[in-house]
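Engineer: Quick one: this structure, given as structure tokens, is what I'll be asking you about.
The values are calculated or read from the model by the stated rules, or taken from the named source; none is laboratory data. It should be emphasised that the depicted structure is a prediction, and the values quoted were computed from it without experimental measurement. Note: ideal-geometry Cβ built from the backbone for every residue, glycine included; neighbour counts use all protein chains shown. Surface accessibility is based on the protein's heavy atoms, side chains included, excluding ligands, DNA and RNA. Shrake-Rupley method; radii C 1.70, N 1.55, O 1.52, S 1.80 Å.
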Amino acid sequence: MSAVLYTRLVARWIVAAAVCCTVAACAPTTNNSASFSPARLWDGKTPDFRGIWQASSTAYVNIEGHRGENGVAASASVVVDPPDGKIPYRTEALAKRNENYQARATADPSLKCYQAGVPRATYLATPLQILQSPNNFAIAYQENHAFRVFHPESRPHFDAADWWMGDTRYRWDGDTLVADVVAQTDQHWLDQAGNYHSTDFHLIERYKLTDADTLEYEAVMEDPQVYTRPWTIKTTLHRVKEPGARIIEDECLDDEHGVRRHVSPYDRASLLEHDYSRWKEAASR
């Protein structure tokens, strides 16, 4: 997807969300999240999830937990069911995961600029932005220009689709947004450790504000080809409140081997200048 098309899509949702104004002040933070009542959109009913959010853990390295190393903080497992924090793999599927792990330095699809998929896009080391109006809900992810439009539950899922960010239907359960996600490709991983799924992957997400600046995320996943039973992860996202905070362009360019890699917008020695010179040289010939 081109940067222009991506910008237009996000802008369309921003315009829709811009008509929304908060009609109730955020309730004060309490120790009892069950009693928290979030601010509402202009309809006075829909919980207001708008804003930029980011996970604070390093679960993106390995959702089953990992030790701290190479400047990355350790993380406990975000798998809350089974209680041992381990993904309930079938024997042959576990062998495949272990193969992925051994090749993780080069095989991780995210390193090659493929979209992260769901749920991985939620707990990456980069932020996401929720765009919302009373009957519309979308998430734009900083990572690789990815975005999701949440369609109402009344609309059936697409049949035989195979998408990087899946097909999402949603409903409200009180103040909790519940999303049903199917139709994801089997080409992406759940983390950098090679945890994976097949095209039969199905998950139910739950998004809930536990205070004005904390968003609880839970996903129940099943895939009879890969797992012996459904399993659940839970993590927390925090509102990004720095003045002027926004999601930025995440660009990729071909490296010397022809493989697309992420380019840091903060790296002055990145491939951007080199690539631009290459384009100029090609145009002059």
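Engineer: Where does each of 85-97, 211-223, 49-61 land if you order them by average Cβ count within 10 Å, highest first? Let's see the in-between values first.
Structural biologist: Details: 85-97: 15.1, 211-223: 18.1, 49-61: 20.5.
Put in order of decreasing packing, that is 49-61, 211-223, 85-97.
Engineer: Could I ask something else about it? Wrap a convex hull around the Cα atoms of region 121-165, take a quarter of its surface area, and give that in square nanometres.
Structural biologist: For region 121-165, averaging the hull's shadow over all directions gives 3.9 nm².
Engineer: Determine the per residue accessible area of region 111-161 with all protein chains present and a 1.4 angstrom probe, expressed in square angstrom.
Structural biologist: Heavy-atom accessible area per residue stands at 38 Å².
Engineer: Please turn the phi angles of region 222-233 into ³J(HN,Hα) values with the Karplus equation 6.51 cos²θ - 1.76 cosθ + 1.60 (θ = phi - 60°), one per residue in order, whole Hz, x for glycine and proline.
Structural biologist: 9, 6, x, 6, 10, 10, 7, 6, x, 9, 9, 10
Engineer: In addition: Could you list log10 I(q)/I(0) for region 142-255 at q = 0.14, 0.16, 0.21 Å⁻¹, which the Debye formula gives when each Cα is one point scatterer?
Structural biologist: -0.73, -0.95, -1.39
Engineer: 7 Å from Cα along Cα→Cβ at both Asn70 and Ile248: what's the point-to-point distance in nm?
Structural biologist: Roughly 2.2 nm, to one decimal.
Engineer: Restricting to Cα pairs below 8 Å that are 6+ residues apart, what does the relative contact order work out to for region 37-158? Please round to a whole percent.
Structural biologist: After rounding, I find 26 percent.
Engineer: Per residue Cα convex hull volume for region 152-209, in cubic angstrom?
Structural biologist: Numbers: hull volume 4.9 nm³, N = 58.
Spread over its residues, the Cα hull of region 152-209 gives 85 Å³ apiece.
Engineer: Another one. Points 7 angstrom from Cα along the Cβ direction at Lys112 and Asp43: gap in nanometres?
Structural biologist: Spacing of the two 7 Å Cα→Cβ label points: 4.2 nm.
Engineer: For region 60-196, with all protein chains present and a 1.4 Å probe, just round the carbon and sulfur fraction of the accessible area to a whole percent. Please report the intermediate quantities before stating the final value.
Structural biologist: Details: 2890 of 6060 Å².
With neighbouring chains kept in place, the figure for region 60-196 is 48 percent.
Engineer: Just subtract the alpha-carbon distance of Lys241 and Thr91 from 0.36 nm times their residue separation and send over the number in nm, one decimal.
Structural biologist: Extra length from Lys241 to Thr91 when fully extended: 49.6 nm.
Engineer: With an 8 Å cut-off on Cα pairs and a minimum separation of 6 or more residues, tell me the relative contact order of region 101-234 in percent.
Structural biologist: Answer for region 101-234 is 19 percent.
Engineer: Taking the mean number of other Cβ atoms within 10 Å as a proxy for protection, how do you rank 187-198, 101-112, 225-236 from highest to lowest? All intermediate terms of the calculation are to be shown ahead of the outcome.
Structural biologist: Values: 187-198: 20.4, 101-112: 13.8, 225-236: 17.2.
By packing density, highest mean first, the sequence is 187-198, 225-236, 101-112.
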